[in-house]
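Okay, so here's the structure we're looking at.
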Amino acid sequence: MNKFRRITLATLAGGIAAGVGFKAFARGRRYGPIDAADLDKHLDRMLKHLYVEIDATEAQKQQLEPIVKQAAKDLLPMRESLHAGRREAIALLSQERIDPAALEALRAKQIGLADEASRRLTRAIAEAAEVLTPAQRKELAAHFARRAGRWHG
């Protein structure tokens, strides 16, 4: 895989994670579990903006929507499990005596969940990348690079 394609896919991954994950997941921390209808509304808004950014055709819209929505729905239970792990870690660290084996088991479980989420996200990115033209991927990468500058600067 050439360098440009890797950068484009990495940027697309960051964008999807940011758009689907961070906003939806942050909302979940404030208001509890994410409702499926709320998730769909958020994804619809996000996709509408994405389509404008890349000048998506109707055929591309019909292909991208199920890719993004299914990935988000697949990732949602993993989010809940990661949050449960955080609560479990707090409980373990609040005990009178710390159990290193329990902490290690929890760490391994959380790493496994993160790896599973990463694999699912990577699969969605690869599927979405196949729908877009090289020019669209380049425009999307530039869009997310501009947004990353605002996030970090």
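The values are calculated or read from the model by the stated rules, or taken from the named source; none is laboratory data. Please read all numbers here as calculations on a predicted model, not as lab measurements. Heads up, the Cβs are rebuilt from the backbone with ideal geometry, glycines too, and the neighbour counts pull from every protein chain shown. Keep in mind that these areas ignore ligands, DNA and RNA; they rest on the heavy atoms of the full protein, side chains included. Shrake-Rupley method; radii C 1.70, N 1.55, O 1.52, S 1.80 Å.
Suppose we take every Cα in the stretch 92-153 and form the convex hull; what volume per residue is that in Å³?
Taking the convex hull of the Cα positions in the stretch 92-153, it is 107 Å³ per residue.
Taking R0 as 25 Å, what FRET efficiency do you get between THR57 and GLU80 from their Cβ-Cβ distance, rounded to the nearest 0.05? Walk me through the numbers on the way to the answer.
On the way: r = 35 Å, r/R0 = 1.41.
Approximately 0.10, to the nearest 0.05.
How far, in nm, would the chain grow between ALA108 and ASP38 when pulled straight, counting 0.36 nm per residue and subtracting the alpha carbon separation?
Contour length minus the Cα-Cα distance gives 22.1 nm.
If you count only protein heavy atoms with a 1.4 Å probe, what accessible area per residue comes out for the stretch 60-153, rounded to a whole Å²?
63 Å²
GluC sites (Glu not before Pro), restricted to the stretch 62-153: which are DSSP loop and have at most 14 other Cβ atoms within 10 Å? Provide the component values of the computation, followed by the final result.
Details: sites: GLU80, GLU88, GLU96, GLU104, GLU116, GLU127, GLU130, GLU139; in loops: GLU96.
Passing both the DSSP loop test and the Cβ count: GLU96.
Run through every distinct alpha carbon pair of the stretch 43-103 and return the Kirkwood hydrodynamic radius in angstroms, one decimal place.
Radius from the Kirkwood sum: 14.7 Å.
Find, among the trypsin sites (Lys or Arg not before Pro) in the stretch 67-153, those assigned to loop by DSSP (not H, G, I, E, B) with at most 10 other beta-carbon atoms within 10 angstrom.
Values: sites: LYS69, LYS73, ARG79, ARG86, ARG87, ARG97, ARG107, LYS109, ARG119, ARG120, ARG123, ARG137, LYS138, ARG146, ARG147, ARG150; in loops: ARG97.
Those satisfying the criteria are ARG97.
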